[in-house]
1. Answer with yes or no whether A:V219 is closer than 28 Å to A:P17 by Cβ and either without any contact (Cβ under 8 Å) to a residue 40 or more places away in the chain or open to solvent by less than 30 Å² (accessible area, probe 1.4 Å) (or both).
2. Spot the failing condition for B:A39; the list is (1) small (G, A, S); (2) touching a helix residue (DSSP H, G or I) at 6+ places or on another chain (Cβ under 9 Å); (3) surrounded by fewer than 22 Cβ atoms within 10 Å (Cβ to Cβ); (4) in the same structural domain as B:T267 (by TED's automatic domain parsing), and only one is missed.
3. All but one of (1) within 11 Å of chain B (Cβ to nearest Cβ); (2) more than 16 Å from ligand 2 (Cβ to nearest atom); (3) in contact (Cβ under 8 Å) with a residue 40 or more places away in the chain; (4) over 24 Å from A:A201 (Cα atoms) hold for A:G53; which doesn't?
4. So if I check each of A:M90, A:M1, A:M54, which one is within 16 Å of ligand 1 (Cβ to nearest atom), at pLDDT below 95 and surrounded by fewer than 21 Cβ atoms within 10 Å (Cβ to Cβ)?
5. Looking at the structure I just gave you, is B:A404 over 30 Å from B:I265 (Cα atoms) and crowded, with 20+ Cβ neighbours inside 10 Å?
6. If I ask for residues that are more than 26 Å from A:V49 (Cα to Cα) and either hydroxyl-bearing (S, T, Y) or part of a helix (DSSP H, G or I) (or both), which ones from the range A:77-93 would you list?
7. Do we find that A:L120 is within 8 Å of another protein chain (Cβ to nearest Cβ) and of a type in the set (A, V, I, L, M, F, W, C) in this structure?
8. Please go through the range A:126-163 and pick out each residue that is open to solvent by 10 Å² or more (accessible area, probe 1.4 Å), within 17 Å of A:L179 (Cα to Cα) and assigned to a loop (DSSP other than H, G, I, E, B).
Amino acid sequence: MSGVEIERVSFGYGGAPILDDVSLNVAKGEFFAFLGPSGSGKTTLLRLVAGFGMPSSGTIRVGARDVTLVPPWKRNVGMVFQSYALWPHMTVEANVAFGLEQRGLPRAEIGGKVRRGLELVGLSQLAERRPAQLSGGQQQRVALARTLVVEPEVLLLDEPLSNLDAKLRVEMRHEISALQRKLGLTTIYVTHDQEEANSVADRIAVLDGGRIQQVGTPVELYDRPANRFVATFLGTANILEGHVTGRQFQSGGISIPDIDRADGPAAMAFRPQDAQIAPPDGPGFGGTIARREFLGGTIRYSIAAGTHMIVVDVPHHRNASALEIGTPVSVMIEPARFVTLAG
Amino acid sequence: MTDVAVQPAPVRRTPYLARWAATPFHIGCAALIAAYLVAFLIVPVASVVFVAFWDGSGFTLVNFADFFRTSIMIESAWNSIYVGLMTVALASAIAVPLAYFTVRFRFRGAAIIQTLGVVPLVMPPFVGAVAMQLVFGKNGSINLLLMDAFGFRIPFMDGLNGVIFVEALHYFPFILLNLSASLANIDSAMEESAQNLGASGWRLFSRIVFPLALPGYVAGAALVFAKVFDDLATPLLLNVTNMLAPQAYLRVTSVGIADPMGYVISTILVVLSVMAVWLSLLALKNREFATQQRGGGGLSKREISRGERIAAYGFILAALFLALSPHIGILLLSVGTIWSFSVLPDGFTLAHYTTIFREAGGFMSNTILYCAIAALIDVVLGAMIAYLAMRTRLPGRHLLDQIAMAAVAVPGLVLGIGILRTYFPVDLPFGAGSLATFWLMLAIAYSVRRLPYALRSCSAALQQLHQSLEEAAENLGASKSTTLMRIVVPLMAGGILAGFVTSFATAAVELSATLLLVTRDANAPLSYGIYVYMQSPAGRGPGAALGVVAVVVVAIATWLSFRVAERDRAKRTRSGMAI
Ligand SMILES: Nc1ncnc2c1ncn2[C@@H]1O[C@H](COP(=O)(O)OP(=O)(O)O)[C@@H](O)[C@H]1O
Ligand SMILES: [Mg+2]
């Protein structure tokens, strides 16, 4: 087993670059996720690791080996395709045995490995079926088994749950995560769903427009987003752009004291649950309730303050009374809860 | 899982050109295909065009000037254009109402119309031409009946009329099929949203239905025009020589392959044919664009009213009668004793069939041999070209694809003349004669002409094969060639088989190139045999019997290819994969 190093990789189909100077290190045994909106280049980057497409510049290493020019069939990097890509003319068993046959293993050994592989994903009974006779979740497991039996150095999963229904998605997510722990396999998991990434990954790389926006643990990304994109893609954020003058932050009619920053332009962000609503003329800045949404555990208020619309979540419990639209309030945020954004 | 460590695939030294996603094997294949196309398509056609502009020492337009000064040539050119346009008009008059019925009405007649779309195509027009004279000719069944009942005749088969009539009955399915496909692709939501916005009746038709259906119509009509221009045997069998294709044939075969006029006519035929096919492709490209917003279930169908039903069935039955009349005629001719100046043959016999099984066995075995070779070449080349074009990034791969497809626009007559011109001077060893008239050349000419059919079939099959199925194999350690053998070929098998059958069936009735390349009866195929028999009144019976045999062969092959394609589609949709 090995880690993956992606060093200054760029890629394009001739027009605008699809990936722009991407660098990443995935540690040995780590569960790593690529997270980003559709079209951000996640699949493209994953395919480059598997050898489908050649970077226009940069290097990809698996373990210590530079694989940039190595064709896909010599990489030993296992990929589970978004469409599963099971071969319809082969049985489940034949699908799973394929990779082992390519490695020239003796027949008896292949049989044993296939059996254990199917046991691992709980499909021992279905070995004789054809892919067409399986449900989506079962097809997914076959695809997983087919890749795992060859004991790849790295496991690549491209939106593995996107074709499953919501309930199965959560189930499979836990299963994949448990399987990865058990095998200790270096894994890269591509998804556009932040909840999914947060739940399974040790670390996440956030992609947008073919560039890495930030790399970190789920908590780091949520608590310390590096820029506006990360702040808004992972959860809701209030972002205020303005100026700091003498520890006083000014932005569109809102004024916040005690900011620990040098003078100059700044962008500040805070989460809806990091602000508190107080009666008017309290500490903080003033505003008026403009909209109210009941979300279950919380009530989300939109508050018109200066030229901004600030979103604040207030925990809800039975019998709690909600504020009416039009009520004047003041909004209070502890300075430590602010995050300063880069771009 | 972790008991025995699996070694990575043993490293074999196969160079892989990542930039082109190709192996040396692919490059070798591409080179081989290119050589084949150059030798048997490009060089022959180019030599024809070259001679038309060559005066022995340099470029010249003298030959063309001669063409336009010769009154028979001018007349032939006008006649060809006239016949082409009139055929399109007559074919449209049959096909357009039929297409409209199928997409607009919910009634059983639609099934008959679908059969009508195929029935004419299984019999080459020249086979039906003689029978049509017996049914619709001056002293044919219909006119004898008319004369008896009303005292007049209709000159269905006189001169150019005969060519137009025969060709229109044979080729109207091209318009029917293309137009129906276009109409079926119009989503009922498009029509409904126009109605929702207040359009109905004529406005709805002229603004929505007509523009969306036009590309399919144009594509079909252009193909009909090209086919008619290209058809040599029908006018010859109907004794019409003042058209371009017969003139070219007569000049080359009677004056000799050195006579420039044959080449001038051939060049004109190529140019017109290329233009018509190009127009057809252009129209189809627009159609894909127009209906890209998911193919809907066609226009909203409505129940047919009583009066409409009578009118529609009347029309469909008349069309069915017309479309089947060559088949019926040929069948009667093949089992009739003497058929002349009478509505039906005087008596019936199976003698013609015994004659052909005694005399004409060689024609049949030749056809099977040549067409099997041609179809085999076609599916091998077709599958390779499709694979190279879609799965590699070799430079020139699309050019290869386009050149192979361009064969569809080369008239068989021109290919035949070109092959004669190019390979006549090449002598085979052991005194076996000229390479141009060697029997294998017929198979090669067929393979070049039918390559587009096989290629289209293979391309469609490969297109349906999601690339991730191959990538998954590569990802698990299978090289390009292993992936090809274990994944691609098994999953393309249906398309390859359908391509084989289509090439085989259509090659079996090729006559234009055949007429030029056959020198000895011993080497002649079925289509040539029919032609030779049909030229003498005494040979008509056996000729018709051979025709029936050809129709049966083509019909079975066509049915097989439909079945194969259908089963393949069913298999795919059952696979229920999210691809
Ligand atoms: N074969 C291709 N040719 C041209 N552009 C492509 C191709 N495949 C993907 N792209 C483009 O590359 C970008 C990234 O695609 P992809 O990696 O699939 O995104 P993601 O997986 O993040 O949704 C998209 O803008 C997409 O349009
Ligand atoms: Mg993707």
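1. no
2. (4)
3. Failed condition: (2).
4. Every option except A:M54 fails the conditions.
5. No: the conditions fail for B:A404.
6. A:T91, A:V92, A:E93
7. yes
8. Of everything in the range A:126-163, those that are open to solvent by 10 Å² or more (accessible area, probe 1.4 Å), within 17 Å of A:L179 (Cα to Cα) and assigned to a loop (DSSP other than H, G, I, E, B) turn out to be A:E151, A:E153, A:E159.
The values are calculated or read from the model by the stated rules, or taken from the named source; none is laboratory data. Treat the numbers as computed from the prediction; the structure is a model and nothing was measured. Reconstructed Cβ throughout: ideal geometry from the backbone, glycine too, with neighbour counts over all protein chains shown. Please note that ligands, DNA and RNA were not included when accessible areas were found on the heavy atoms of the full protein model with its side chains. Shrake-Rupley method; radii C 1.70, N 1.55, O 1.52, S 1.80 Å.
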